[in-house]
Each structure stands twice: as structure tokens, then as C-alpha cells.
Amino acid sequence: PVPLCHAQENVLQRVLQLPVVSSTCESLQRTYASTKEAHPLMASVCEVYERGVQGASALAMHSVEPVVRRLEPQFAAANNLACRGLDHLEEKIPALQYPVDK
């Protein structure tokens, strides 16, 4: 059975939990980690980039927090619509329930 959208459900979390998406992410993480391990120069560049992204993310979250609070009703409505759309996709495309290798 296809999960239905619940009030507290987050469409992004649901998408990330789809087997096809989660297996793709795991594969990318393994490739990224093995590339960093095999190439020390690439690892140092990646680590600088990762620190930059973390800092920018923290700054962005702090900056947009007031806007997010103000737009919460609109985000909830968009999330609900997206969840209903995902319900429909999961019904129509069974392959979403399988890992990439299948």
C-alpha cells in the first residue's frame, strides 16, 4: 500500500526514503568517499568545500528563519500538495519502490 500524506509528514523526507532515491544517495556517498580516499589532493579540496557549505548553510538558515516562520502556512499547504502528488507518483510508478540496481 502507498503511504498517505499525514499532517506532520515532510515530502522531502518521504522522497529521501524512497528506495530508488536512498540507494542512489548511498551510491553517490560511497563514490565520493572512495574518491576522497584515493586522491589526497581531491580530499583536501573537498574538505575546504564542505566547510564552506556548512558555514553558508548555517548563515542562510539564520537569515531566512523569520521569513520561514511568516510563510509557515504556505509551506504547509505546498507540502500537503506535494505529498498528494507523491502519493499519485508512487501509485503510478512502482519502480520508485525498488533500489536503482533493480
Summed over the other residues with a beta carbon less than 12 angstrom from that of N79, with K and R at +1 and D and E at -1, the charge totals 0
Enter the accessible area per residue of the stretch 42-102 (Å², integer; probe 1.4 Å; all protein chains in place).
-> 80
Measuring from label point to label point, each 7 Å out along Cα→Cβ, what is the E9 to V100 span in nm?
-> 2.5
Net charge over other residues, Cβ less than 15 angstrom from the Cβ of R30 (K, R count +1; D, E count -1) | -2
Karplus-derived 3J(HN,Hα), 6.51/-1.76/1.60, for each residue of the stretch 45-53, Hz, glycine and proline x = 5, 5, 5, 5, 4, 4, 5, x, 5
Based on alpha-carbon positions alone, could you give the equivalent ellipsoid semi-axes of the chain from the gyration tensor, as √(5λ), descending, whole Å?
-> 31, 25, 7
Share of carbon and sulfur in the accessible heavy-atom surface of the stretch 5-83 [1.4 Å probe, %] | 65
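The values are calculated or read from the model by the stated rules, or taken from the named source; none is laboratory data. Model, not experiment: these values are computed from the prediction. Positions of Cβ are generated from backbone atoms using ideal geometry, with glycine treated the same way; all protein chains shown enter the neighbour counts. Just the protein is used for accessible areas: all its heavy atoms, side chains included, with ligands, DNA and RNA removed. Shrake-Rupley method; radii C 1.70, N 1.55, O 1.52, S 1.80 Å.
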